[in-house]
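*Asks:* Mind having a look at this structure? Questions to follow.
None of the figures in this text is laboratory data; all of them are computed from the coordinates on show. The shown structure was predicted, so the numbers you read here are calculated from the model rather than taken from an experiment. Glycine also receives a Cβ, built like all others from the backbone with ideal geometry; neighbour counts cover every protein chain displayed.
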Ligand code: SF4
Ligand code: SF4
Ligand code: SF4
Ligand code: FES
């Protein structure tokens with residue numbers, strides 16, 4: 001491993017050779033503002049908010065995609081950098097309405113925080129509205145073209161993390177816009193999770209809650225055995241949204257379509273809450289004692305008349321490992337058969 005020495009804001013720093021100025025600064029506890037950068041993606045370099053000065057260089061460079069070099073002296077904050085970042089933000093706001101009061105992202109929006117930090121009070125520049133078709137690659141996500149700041153995190157996430165290539169960019173400059181390939185989209189929501197602003201919002205729970213009033217409960221997804229870590233956003237005892245959490249668990253923040261969007265069943269009034277027993281060819285509600293006694297009686301009858309191998313049990317990949325363990329134990333030790341399987345092989 002090759003180490004280089006450099007100075008950032010007067011502080012002597014050592015860093016591995018292949019790191020960027022942004023990574024070296026972050027490791028040293030020095031904050032450089034970013035918008036398009038995300039630690040799970042290769043640097044995009046589209047927003048220019050991470051500009052820094054290097055002594056002896058004519059122009060500032062972007063810290064997120066400039067590697068450290070031996071002996072450089074970096075300045076991350078100066079009047080001129082502050083003004084440049086202000087101008088970059090004003091340009092990002094050219095198409096962007098400040099509709100934070102009705103935006104799902106308010107309270108956890110990088111742009112909102114930066115606009116506040118850099119004291120932008122009015123939208124200085126205006127451009128003609130972009131005639132963009134707002135239908136997204138998946139109906140589970142709503143795309144707000146006017147809020148999109150073309151940071152390209154979504155396109156990069158779809159390509160680098162999901163390898164789905166469902167998003168692209170068309171045109172350049174002020175007329176650039178996203179292009180969708182619905183046939184390639186797997187509705188995973190990775191693009192939405194990494195969008196730093198409210199340009200991609202969830203179509204299942206839209207405006208049912210605000211990020212700052214929900215209770216975020218960490219849990220494990222129950223849809224399959226991967227054990228992805230997620231956060232349930234709970235409001236008034238109801239799950240209103242689900243998000244992954246970066247760098248936590250085997251999934252590192254990613255979720256699939258089921259884990260991210262398939263939560264409405266939790267509060268569905270169609271869920272079974274009582275056992276059903278078939279009487280005269282029709283299922284009817286019954287008490288637990290009645291249902292369990294009936295099952296135990298029928299198992300015993302079948303076992304006595306035809307032997308334990310006349311019974312087979314199918315468990316579910318939706319259950320926890322512990323539930324599935326106890327189920328196979330029940331089939332083997334109580335029923336006496338090895339006829340046990342689960343839904344993934346049906
Ligand atoms: S994306 Fe951010 S800045 Fe824009 S309206 Fe939504 S909360 Fe406000
Ligand atoms: S939902 Fe997933 S596959 Fe579809 S565009 Fe977004 S990242 Fe790509
Ligand atoms: S939709 Fe979001 S992530 Fe994609 S380019 Fe626009 S602002 Fe960036
Ligand atoms: S964070 Fe470096 S250019 Fe956007």
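*Asks:* For 15, 211, 2, which order do you get if you count the other beta carbons within 10 Å of each Cβ and list the fewest first? Each step should come with its number before you reach the end.
*Replies:* Numbers: 15 20, 211 15, 2 7.
In increasing order of surrounding Cβ atoms, one gets 2, 211, 15.
*Asks:* Among 292, 41, what is the fewest-to-most ranking by other Cβ atoms within 10 Å?
*Replies:* Sorted ascending by nearby Cβ count, the order is 292, 41.
*Asks:* Compute the FRET efficiency between residue 285 and residue 82 as 1/(1 + (r/R0)^6), taking r as their Cβ-Cβ distance and R0 = 56 Å, and round to the nearest 0.05.
*Replies:* 0.25
*Asks:* Taking the radius of gyration and the Kirkwood hydrodynamic radius from Cα positions alone, what is the Rg/Rh ratio for segment 3-92, to two decimal places?
*Replies:* Answer for segment 3-92: 0.94.
*Asks:* Take the alpha carbon atoms of segment 131-188, find their center, do the same for segment 11-64, and report the distance between the two centers in whole angstrom.
*Replies:* Each part reduced to its Cα centre gives a spacing of 26 Å.
*Asks:* Now for a separate question. Ranking request for peptides 295-302, 138-145: highest mean number of other beta-carbon atoms within 10 Å first, then the rest in descending order. Before the final figure, lay out each step's value.
*Replies:* Working: 295-302: 11.8, 138-145: 19.2.
In decreasing order of mean packing, 295-302, 138-145 become 138-145, 295-302.
*Asks:* Once the piece of chain linking residue 339 and residue 250 is laid out straight, how much longer is it, given 0.36 nm per residue of separation minus the C-alpha distance between them?
*Replies:* The residue 339-residue 250 span can extend by a further 28.9 nm.
*Asks:* Per Stokes-Einstein, at 4 °C and 1.567 mPa s, what whole-number D in µm² s⁻¹ belongs to segment 114-223, with the Kirkwood radius over Cα pairs as the hydrodynamic radius?
*Replies:* Rounded to a whole number, D works out at 82 µm²/s.
*Asks:* Taking the mean number of other Cβ atoms within 10 Å as a proxy for protection, how do you rank 111-118, 47-54, 264-271 from highest to lowest?
*Replies:* 47-54, 111-118, 264-271
*Asks:* Here is a follow-up. Name the residues of segment 17-55 whose amide N is less than 18 Å from a point 7 angstrom out from the Cα of residue 172 along the C-beta direction?
*Replies:* Within reach of a label on residue 172, which here means backbone N under 18 Å from a point 7 Å along Cα→Cβ, segment 17-55 contributes 45-48.
*Asks:* How big is the gap, in Å, between the Cα center of segment 316-346 and the Cα center of segment 262-281?
*Replies:* Using only Cα atoms, the two centres lie 22 Å from each other.
*Asks:* Right, something else. Can you list the equivalent-ellipsoid semi-axes of the chain, largest first and in whole Å, using the square root of 5 times each Cα gyration tensor eigenvalue?
*Replies:* Semi-axes, largest first: 53, 25, 17 Å.
*Asks:* Using the alpha carbons of segment 193-328, what is the convex hull volume per residue in cubic angstrom, as a whole number?
*Replies:* 160 Å³
*Asks:* Any idea what angle helix 79-92 forms with the longest principal axis of the chain, computed on alpha-carbon atoms, 0 to 90 degrees, nearest 10?
*Replies:* Compared with the principal axis, the helix lies near 50 degrees.
*Asks:* OK, next. Roughly how tilted is helix 288-306, in degrees to the nearest 10 and between 0 and 90, from the longest Cα axis of the chain?
*Replies:* 60 degrees
*Asks:* Next up: GNM, the chain, Cα, under 10 Å: largest mean-square fluctuation among 330, 212, 261?
*Replies:* 330
*Asks:* Ok, one more. Using only Cα atoms, locate the centre of segment 225-245 and the centre of segment 287-308, then give the distance between them in Å, rounded to an integer.
*Replies:* 38 Å
*Asks:* Further, regarding this structure: Gaussian network model of the chain, Cα springs within a sub-10 Å range: biggest mean-square fluctuation belongs to which of 219, 76, 110?
*Replies:* Looking only at 219, 76, 110, the largest GNM fluctuation is found for 219.
*Asks:* In addition: Using a Gaussian network model on the chain with a 10 Å cutoff between Cα atoms, which of 174, 227, 313 fluctuates the most?
*Replies:* Maximum fluctuation in the GNM of the chain, among the listed residues, is at 313.
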